[in-house]
Amino acid sequence: MDYGKLKEDIIAYSKSIGIDKIGFASSDPFIEMKNLLIRQQELGYQSGFEEKDIEKRTHPELIFEGPRSIIAIALAYPSKLPDAPRGKKGERRGIFCRASWGIDYHVLVREKLEDLARYIEGRVKQSRFKLMVDTGELVDRAVAERAGIGWSGKNCSIITPEFGSYVYLGEMITNLPFEPDTPMLDQCGDCNKCRDACPTGALVQPGQLDAQRCIAFLTQTKGFMPDEFRTKIGNRLYGCDTCQTSCPINKGKDFREHPKMEPAPEVVKPLLIPLLKISNREFRESYGELSGSWRGKKPIQRNAILALAHFKDSSAVGDLIDVLRKDVRPVLRGTAAWALGKIGGDEAQEALLKAQLVEEDNEVLVEIEKGLEFFAVKDEV
């Protein structure tokens, strides 16, 4: 088998099916990444969503028998929202990050990998693969970097010269011995705009992220948002793009070659108040195809409440009082109590005082007290 010719044919085929970048890497252990992951673990910087076994994350031979090489791919996604609806007083809107626009990228990237695997199987009968998109054991970024897709930026994203960091990544381990490509040189230089722009200081040093402080992670949690970050969320419902939009290399990058990635403006930038009472069925119908729906509606609703507090949207007071009085979930009741205090007004204060008399959940009572403290500060002023 002429694997050099096969590699050329695979590259040509990948372009024909809409894969924007493809690279080939060795299947050697990722020792540098292993050391970084160990350090992350020691510092408590992990999100908890990752594969917990660092050995599996860095040793392809532990998750695939007889690995010879890894094929990495990238799909470029849009960065601009055409005809974006504008929020205004009484009709405030939230936003889903760009990586959650269109059909769930896990589905889209896996479809491309499966198509590519079928093509290779048609050429080499004894070929075997293990396909991964984000939720696999290996670190997508480390594979893409080794395969020459792009360099690992200070914002912890793979940055490509052609598409910036607006790319979805996926890979397949294979038993075929392809010649590896050359990794790309780092091109961030002295630039630190992403680190300077991060609202929570989550980029603790170049290429190192404290996930526990990252807004993209925080918007996916299901419990109470830590006090420190509540005023940092802004109107973000899922994810955060600040470390990408601040990157000079991303300036002007907007690729729209994949129709399934096109965002529906009213879905990715929705009105906030209707989210407070959305049913499970309505949520699935409207948001079920987004990658941002994977944690269910509760985190989205909590973030919508925080966004209403961010805007100090007095038109939402009545709806927030309904959440405080009627929602069965303590996290939403408590977050609504905090938001009512943040927004202020006599109606909000009266609702908090009444809720304080009947609420039985201790965590919610703490949040009601936080809400009432906003009024105490105003009285002192």
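The values are calculated or read from the model by the stated rules, or taken from the named source; none is laboratory data. Bear in mind the structure is a predicted one, so any value in this text is a computation, not a measurement. Positions of Cβ are backbone-derived with ideal geometry, glycine not excepted, and every protein chain shown enters the neighbour counts.
Tabulated values for the structure
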quantity	calculated
Residue identified as acidic (Asp, Glu) and within 30 Å of His106 (Cβ to Cβ) among Glu289, Glu359	Glu289
Residue in segment 138-153 that is out of contact with any His (no Cβ under 8 Å at 6 or more places or on another chain), closer than 16 Å to Gly18 by Cβ and not in a loop (DSSP other than H, G, I, E, B) present	no
Residue that is nearest to Ala216 (Cα to Cα) [pool: residues in segment 32-44 that are touching a strand residue (DSSP E or B) at 6+ places or on another chain (Cβ under 9 Å) and surrounded by 13 or more Cβ atoms within 10 Å (Cβ to Cβ)]	Gln40
Yes/no for Ala304 being touching a residue at least 12 places away in the same chain (Cβ under 8 Å), of a type in the set (Gly, Ala, Ser) and either farther than 25 Å from Pro226 by Cα or in contact with a strand residue (DSSP E or B) (Cβ under 8 Å, 6 or more places away or on another chain) (or both)	yes
Residue within segment 348-356 that is farther than 21 Å from Ile233 by Cα, exposed (fewer than 14 other Cβ atoms within 10 Å of the Cβ) and of a type in the set (Asp, Glu) present	yes
Tally of residues being among the acidic types (Asp, Glu) and either outside any loop (DSSP other than H, G, I, E, B) or more than 12 Å from Arg93 (Cβ to Cβ) (or both) across segment 303-326	2
Tally, over segment 178-191, of residues that are loosely packed, with under 14 Cβ neighbours inside 10 Å and in contact (Cβ under 8 Å) with a residue 12 or more places away in the chain	4
Subset of segment 112-137 (residues that are outside any loop (DSSP other than H, G, I, E, B) and in contact with a helix residue (DSSP H, G or I) (Cβ under 9 Å, 6 or more places away or on another chain))	Lys112, Asp115, Leu116, Tyr119, Ile120, Arg123, Phe129, Lys130, Leu131, Met132
Unique residue being polar (S, T, N, Q) and either more than 28 Å from Pro263 (Cβ to Cβ) or surrounded by 23 or more Cβ atoms within 10 Å (Cβ to Cβ) (or both) when the list is Ser314, Ser293	Ser314
Subset of segment 8-23 (residues that are in a helix (DSSP H, G or I), surrounded by fewer than 18 Cβ atoms within 10 Å (Cβ to Cβ) and either in contact with a His (Cβ under 7 Å, 6 or more places away or on another chain) or in contact (Cβ under 8 Å) with a residue 12 or more places away in the chain (or both))	Asp9, Tyr13
Residues of segment 98-111 classified as part of a loop (DSSP other than H, G, I, E, B) and surrounded by 21 or more Cβ atoms within 10 Å (Cβ to Cβ), total	2
Qualifying residue in segment 300-309 (condition: surrounded by 14 or more Cβ atoms within 10 Å (Cβ to Cβ) and either of a type in the set (Asp, Glu) or farther than 23 Å from Gly239 by Cα (or both))	no
Hits in segment 271-301 - residues which are assigned to a helix (DSSP H, G or I) and in contact with a Phe, Trp or Tyr (Cβ under 8 Å, 6 or more places away or on another chain)	Ser291, Gly292, Ser293, Lys297, Pro299, Ile300
Residue in segment 95-107 that is under 30 Å from Glu32 (Cβ atoms), among the aliphatic types (A, V, I, L, M) and touching a strand residue (DSSP E or B) at 6+ places or on another chain (Cβ under 7 Å) present	no
Residue check for Ser47: touching an Asp or Glu at 6+ places or on another chain (Cβ under 8 Å), outside any strand (DSSP E or B), surrounded by 12 or more Cβ atoms within 10 Å (Cβ to Cβ) and of a type in the set (Ser, Thr, Tyr)	no
Matching option when the condition is within 30 Å of Trp151 (Cβ to Cβ) and free of Cβ contacts under 8 Å to residues at least 60 places away in the same chain, among Pro263, Pro274, Pro259	Pro259
Tally of residues being out of contact with any helix residue (DSSP H, G or I) (no Cβ under 7 Å at 6 or more places or on another chain) and either under 18 Å from Lys112 (Cα atoms) or surrounded by 21 or more Cβ atoms within 10 Å (Cβ to Cβ) (or both) across segment 72-90	1
First in segment 343-354 and of a type in the set (Val, Ile, Thr), second anywhere and assigned to a helix (DSSP H, G or I), Cβ under 8 Å, 6 or more apart	Ile343/Leu308; Ile343/Ala309; Ile343/Ser314; Ile343/Ala316; Ile343/Val317; Ile343/Leu320
Exclusive hit being among the aromatic types (Phe, Trp, Tyr), at pLDDT 95 or above and under 17 Å from Arg302 (Cβ atoms), set Phe178, Phe217, Phe255	Phe217
